[in-house]
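Q: Below are the structure tokens for one structure; questions will follow.
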Amino acid sequence: MKILILMGSPRLNGNTAELCKPFMEQLKSRGAEVKYIPLDNKQINPCRACYACKNVQGEYGCV
């Protein structure tokens, strides 16, 4: 099983990050492949409602 954890807190070593650690360890101990991605340094913009994502052949994607 593959698990993706998106950590949205701006504090990389804050309470949310600390709560993720035992959760990830439990998942790994049960055989899950865990990927952890902190979102604090990512540029995430809202949807522009341009519908370009619907014009991509064979896949879903945002401009």
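Only the coordinates and a few stated rules stand behind these numbers; no lab work does. These numbers were taken from a predicted model, which means no experiment stands behind them. Cβ placement follows ideal geometry from the backbone for every residue including glycine, while neighbour counts extend to all protein chains displayed.
Q: Is there a quick way to get the dipole size of segment 2-55? I mean about its Cα centre, with the Cβ of Lys and Arg at +1 and of Asp and Glu at -1; what is the value in debye to the nearest 20?
A: Roughly 220 debye, rounded to the nearest 20.
Q: Using every alpha carbon pair in the chain, what percent of pairs falls into each 5 Å bin from 0 up to the bin containing the largest distance?
A: Histogramming the chain at 5 Å steps yields 4, 15, 18, 14, 15, 14, 11, 8, 1 percent.
Q: Calculate how steeply helix 15-29 sits against the longest principal axis of the alpha-carbon atoms of the chain, using the helix alpha-carbon long axis, and give the answer as 0 to 90 degrees to the nearest 10.
A: With both axes taken from Cα atoms, the answer is about 80 degrees.
Q: Hey, another quick one. Relative contact order of the chain: what whole-number percent is it, with Cα pairs under 8 angstrom and at least 6 residues apart?
A: 37 percent
Q: Moving on to the next point. Sort Cys20, Cys50 by Cβ crowding within 10 Å, fewest neighbours at the top.
A: Arranged by neighbour count, lowest to highest, Cys20, Cys50 become Cys50, Cys20.
Q: What is the order of Leu4, Leu19, fewest Cβ neighbours within 10 Å to most?
A: Leu4, Leu19
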